[in-house]
Amino acid sequence: MNKKILPSILAGDLSRLSEEVKAIEAAGVDGVHLDVMDGHFVPNLTFGPEVIAALRGKTKLFFDVHLMISNAEKYLDLYRKAGADSITVHGEACTHLHKAVQEIKKLGAQAGVALNPATPLSVVEPILPEIDLLLVMTVNPGFAGQSFIETTLPKIQAARQMIDRAGLKTILEVDGGIKLNNIGKIAALGPDWFVSGSGIFATPDYKTTVAALRHSIHPRNFPH
Ligand code: DX5
Ligand code: ZN
């Protein structure tokens, strides 16, 4: 199955990053979601390419890099060199979104575009065939541990329909406030990749939580 569970390391114990990455790897996740924030596009600062490169040496996990930064176009190369397997930029933060997507693909990574809860899908529709991944934000970016925004549910469904109608294989990813108590209803709308930060790291046993999350998104439970 192509469904992925991607813990957001931002919600882990930041004083023990590499141990946390190893712990989720042992728990059977499909990759790690790395939230890069610049204190400009979002009101928080996290880590940059050097921390990602340091972690790259510690794990074979897929690195899903989510850039919540202004002028992302300038830094794509740095994040690819740091070890990103997919690089997602924000539609709101890139003046030349198509160009950024092309650049990511040229660097050999999967190219993603993220949209904030208030940003319409129409922003990405003209270039949908060019992108590998569409990230529908289910919180306002900036912090782990926020509540899932319920009004994004119809948007997830509309994104699934937009991709399927166009006959595309674009990966649909959801990120923010996703936990065991709501992942089932979200999964029913057909996303492919699920980011969960505090939904995993705030629980005592990552392996049990990941297994439960995976059980809740299994396609046998849904028509997709
Ligand atoms: C929000 C980030 C998310 C967040 C996820 O700005 O992009 O990836 O860290 O964490 P939870 O699942 O705790 O909302
Ligand atoms: Zn994220």
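The values are calculated or read from the model by the stated rules, or taken from the named source; none is laboratory data. For clarity, every value in this text was computed on a predicted model and none was experimentally measured. A quick note on method: Cβ atoms are made from the backbone with ideal geometry, for glycine too, and the neighbour counts reach across all protein chains shown. To get the accessible areas, we keep the full protein, side chains included, count just its heavy atoms, and leave off ligands, DNA and RNA. Shrake-Rupley method; radii C 1.70, N 1.55, O 1.52, S 1.80 Å.
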What are the residues in the range 114-138 that are within 13 Å of ligand 2 (Cβ to nearest atom) and open to solvent by less than 10 Å² (accessible area, probe 1.4 Å), if any? Ala114, Leu115, Leu133, Leu135, Val136, Met137, Thr138
Subset tally (residues that are touching a residue at least 40 places away in the same chain (Cβ under 8 Å) and part of a helix (DSSP H, G or I)) for the range 210-224: 6
Select from the range 29-60 the residues that are surrounded by fewer than 15 Cβ atoms within 10 Å (Cβ to Cβ) and assigned to a strand (DSSP E or B) and list them in ascending order. Leu45
I need a count of the residues in the range 25-56 that are under 16 Å from Asp205 (Cα atoms) and within 15 Å of ligand 2 (Cβ to nearest atom). 1
Condition check for Ser198: open to solvent by 20 Å² or more (accessible area, probe 1.4 Å), within 11 Å of ligand 1 (Cβ to nearest atom) and without any contact (Cβ under 8 Å) to a residue 60 or more places away in the chain: no
For the range 172-183, indicate whether the set of residues that are over 27 Å from Ile131 (Cα atoms), in a helix (DSSP H, G or I) and away from ligand 2 (no atom under 16 Å from the Cβ) is non-empty. no
From the list Lys169, Lys207, exactly one residue is open to solvent by 10 Å² or more (accessible area, probe 1.4 Å), within 19 Å of Asp64 (Cα to Cα), not acidic (Asp, Glu) and not in a strand (DSSP E or B). Which is it? Lys169
Mind checking which residues of the range 184-201 are more than 16 Å from ligand 2 (Cβ to nearest atom) and not basic (Lys, Arg)? Gly184, Ala187, Ala188, Leu189, Gly190
Is it true that some residue in the range 90-111 is of a type outside the set (Ser, Thr, Tyr), within 23 Å of Asn2 (Cα to Cα) and within 14 Å of ligand 1 (Cβ to nearest atom)? no
Neighbours by Cβ (under 6 Å, 6+ apart or cross-chain): first from the range 142-161, open to solvent by less than 80 Å² (accessible area, probe 1.4 Å); second within 16 Å of ligand 2 (Cβ to nearest atom) and part of a helix (DSSP H, G or I): Ala144/Leu10; Ala144/Ala11; Ala144/Ser198; Gly145/Ser198
